[in-house]
Amino acid sequence: MRVEDLVHFCPPGRLIIGTGARAQLPALIERLGYRRGVLVTDRFFSQKTPWVDEYVSAARALGIETVVFDGGAPDPTTTLCDSATAAIRRTLGGHEPDHVVALGGGSNIDLAKALCITLPSGRPVHEFVKGLTAANRPLPFIAMPTTAGTGSEATPGAILIDPENATKVAVMDNSLRPQVALIDPEFTYTCPPSVTADAGIDAFTHAIESYLTLDSAKFDRGGDADPGYSGRSSLTMLFAREAIRLCARYLKRTYDNGTDIEARTGMCYASVYAALSYGSAGLNAVHGIAYAVAGATHRSHGTTNAVMLPYVLEELAAARCDELLDVANIFGIATTDRNQAVRELCKAIRSLIESIGIPTTLKELGIDQASLPSLLNDALAVTRLLKAFPVTDAKAAYERILQRAYDGEPGEFLAAA
Ligand SMILES: NC(=O)c1ccc[n+]([C@@H]2O[C@H](COP(=O)([O-])OP(=O)(O)OC[C@H]3O[C@@H](n4cnc5c(N)ncnc54)[C@H](O)[C@@H]3O)[C@@H](O)[C@H]2O)c1
């Protein structure tokens, strides 16, 4: 514990983790009293796995009817959300559902989260981007992630792409956190290596970024009595440390061998523990800059985070030296020279990213030098994340990070290694 902490910890209502745990869901839904649901997924799951049919039949046997929407897609847009709202409401024929279930990666989970708020009224999702009022209560939500992962099953936000200006927008409220997050590691066994790598590095980034983020005592809650994110605390750091340890042990292993059940399971725990950290602590520069990079390149969430991560860590070498040494220790870096340990850690993380097939420079993502100023402006515009970056001049730091990530060169600190 830390005397100065102001903990505002928001986990999902129920967290169920276990191999084969999906079989428990129909009975739980019955016990919770829900009878008419919507299952949001994509065609991979409806056509290539038995999971959708198995769930729908088992639920029906208990008196729960389910409408399946399998039109989910990677990085869902506000347009997809609005068309899904209309299609599902047509299928429901005037009946209101009493719960929504998501099966899939972060994309299907986010689409389903947004549908929890649009389905009751049929209103377009952009009306909820500025925040929910007490009158906008979302439908109860059950999330079953199939990647490890975004951790969206434990966070308050749904991230959608606004096709009008190619930026990501968020519908965010603690009431959007799932009532049930059900993590069945078997769901992840079918992930191909690129999805495993992208999702796994996302989990690792969540863990480390929230471990180093602004302290809860310094976090500006803007007067919000129920903030979604409110800075790191001893509680969130507990989950972050364990998530980092699991990623250090299992991320590369699960990428190299997708049939390694211990590694798959380890990454499922890593993902949800990372979410229990960042889902209350929040994030900062890696995600702040990665959103801008994703807008410019349309590369995946995990890849755009990964490319920024080592350069952001280097920038934190002074402000978060002790915590970086904790992480270096987890990575087995033994030197007693503090600066040397942090340098070796940044290099080890860059090597890890390379070893799972993800680029480590902005150049490799097709960004040119002339685009750096507009990327900087877009990144600075995400003030929620900028304000949580624990350095004295965050704007200057973002500028240095972008240049180094473009060149692929370490800054003076790392170059001294
Ligand atoms: N709301 C949040 O808190 C939050 C946090 C992080 C990321 N996100 C969002 O999550 C999205 C990325 O999610 P993701 O990395 O899980 O990938 P994803 O959901 O976009 O899925 C990528 C591809 O992998 C496939 N796939 C997923 N699980 C699979 C499985 N078990 N077997 C085979 N194929 C599978 C999907 O069908 C899809 O084609 C982004 O849109 C990002 O913005 C949200």
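With the convex hull built on the Cα atoms of the chain, state its orientation-averaged projected area in nm².
On the way: hull surface 77.2 nm².
Mean shadow area of the hull around the Cα atoms is 19.3 nm².
Classify segment 191-415 as rounded, prolate or oblate, taking a ≥ b ≥ c as the square roots of the eigenvalues of its Cα gyration tensor: rounded when a/c is under 1.5, otherwise prolate if a/b is larger than b/c and oblate if not. All intermediate terms of the calculation are to be shown ahead of the outcome.
On the way: a/c = 1.27, a/b = 1.09, b/c = 1.16.
Since a/c stays below 1.5, the shape of segment 191-415 is classed as rounded.
Just to be sure I follow: if Rg is taken over the C-alpha atoms of segment 122-274 and Rh is the Kirkwood radius over the same atoms, what is Rg/Rh?
Values: Rg = 16.7 Å, Rh = 16.8 Å.
Ratio value, two decimals: 1.00.
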> Roughly how many whole Å is it from the C-alpha centroid of segment 320-340 to that of segment 110-155?
Replying inline: 39 Å
> With the other protein chains left in place, how much accessible area per residue, in square angstrom, belongs to segment 1-43 at a 1.4 angstrom probe?
Replying inline: 56 Å²
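Per 0.36 nm of contour for each residue apart, how much would the distance between ARG31 and LYS363 grow if the chain were fully extended, relative to their Cα-Cα spacing? It would help to have the intermediate numbers written out before the result.
Details: separation 332, 0.36 × 332 = 119.52 nm, distance 5.30 nm.
Value of the extension gain: 114.2 nm.
Please give the per residue accessible area of segment 297-417, computed with a probe of 1.4 Å over protein heavy atoms only, in Å². Don't skip to the end; give the middle numbers.
On the way: 5340 Å² over 121 residues.
Accessible area per residue: 44 Å².
Hey, what did the chain get for relative contact order, percent, Cα under 8 Å, at least 6 apart? Don't skip to the end; give the middle numbers.
Working: 817 pairs, mean separation 63.7, N = 417.
Once normalised by length, the contact order is 15 percent.
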>> Nearest 10 degrees is fine. How inclined is helix 301-315 to the longest principal axis of the chain, computing both from alpha carbons?
In response: 30 degrees
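Give me the percent of the accessible area of segment 33-76 that comes from carbon and sulfur atoms, probe 1.4 Å, all protein chains in place.
51 percent
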>> Students often forget the sequence filter, so: which aspartates and glutamates lie under 12 Å Cα-Cα from LYS113 once same-chain residues fewer than 8 apart are removed?
In response: GLU153, ASP173
> Is segment 1-100 best put as rounded, prolate or oblate by its Cα gyration tensor, with a ≥ b ≥ c the root eigenvalues, rounded for a/c under 1.5, and otherwise prolate when a/b is larger than b/c, oblate when not?
Replying inline: prolate
>> Nearest 10 degrees is fine. How inclined is helix 321-330 to the longest principal axis of the chain, computing both from alpha carbons?
In response: 70 degrees
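Give me the percent of accessible area attributable to carbon and sulfur for segment 93-212, probe 1.4 angstrom.
Values: 1860 of 3400 Å².
Percent of accessible area from carbon and sulfur atoms in segment 93-212: 55.
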> Between GLU354 and VAL129, what length in nm is gained on full extension when 0.36 nm per residue of separation is reduced by their alpha carbon distance?
Replying inline: 77.4 nm
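Given the DSSP H assignment, sum -39500 (n - 2.57) over each helix run of at least 4 residues in the chain and divide by its residue total; what's the result at 222 nm in deg cm²/dmol, nearest 500?
Values: 16 runs with 204 residues, N = 417.
The helix-only estimate for the chain comes to -15500 deg cm²/dmol at 222 nm.
What's the extension gain from VAL391 to ALA319 if we count 0.36 nm per residue and subtract their Cα-Cα distance? Before the final figure, lay out each step's value.
Details: separation 72, 0.36 × 72 = 25.92 nm, distance 0.65 nm.
This chain segment gains 25.3 nm when fully extended.
Out of the total accessible area of segment 258-373 (probe 1.4 Å, heavy atoms of protein only), what percent is carbon and sulfur?
Here carbon and sulfur together make up 49 percent of the probe-accessible area.
Cα-Cα over 23 Å: which of LYS48/LYS168; LYS168/LYS218; LYS168/LYS395; LYS363/LYS395? Present the calculation step by step, with values, prior to reporting the outcome.
On the way: LYS48/LYS168 29 Å; LYS168/LYS218 27 Å; LYS168/LYS395 21 Å; LYS363/LYS395 21 Å.
Among LYS48/LYS168; LYS168/LYS218; LYS168/LYS395; LYS363/LYS395, the Cα-Cα distance tops 23 Å for LYS48/LYS168; LYS168/LYS218.
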> In degrees, nearest 10, range 0 to 90: what is the angle between the Cα axis of helix 193-211 and the longest Cα principal axis of the chain?
Replying inline: 70 degrees
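Please calculate how many Å² of accessible area segment 135-246 carries per residue, with a 1.4 Å probe and no DNA, RNA or ligand atoms counted. Walk me through the numbers on the way to the answer.
Details: 3390 Å² over 112 residues.
Per residue, segment 135-246 has 30 Å² of solvent-accessible surface.
The values are calculated or read from the model by the stated rules, or taken from the named source; none is laboratory data. Here the structure is a predicted model, which means the values were calculated and not measured. SASA here: full protein model, heavy atoms, side chains in, ligands and nucleic acids out. Shrake-Rupley method; radii C 1.70, N 1.55, O 1.52, S 1.80 Å.
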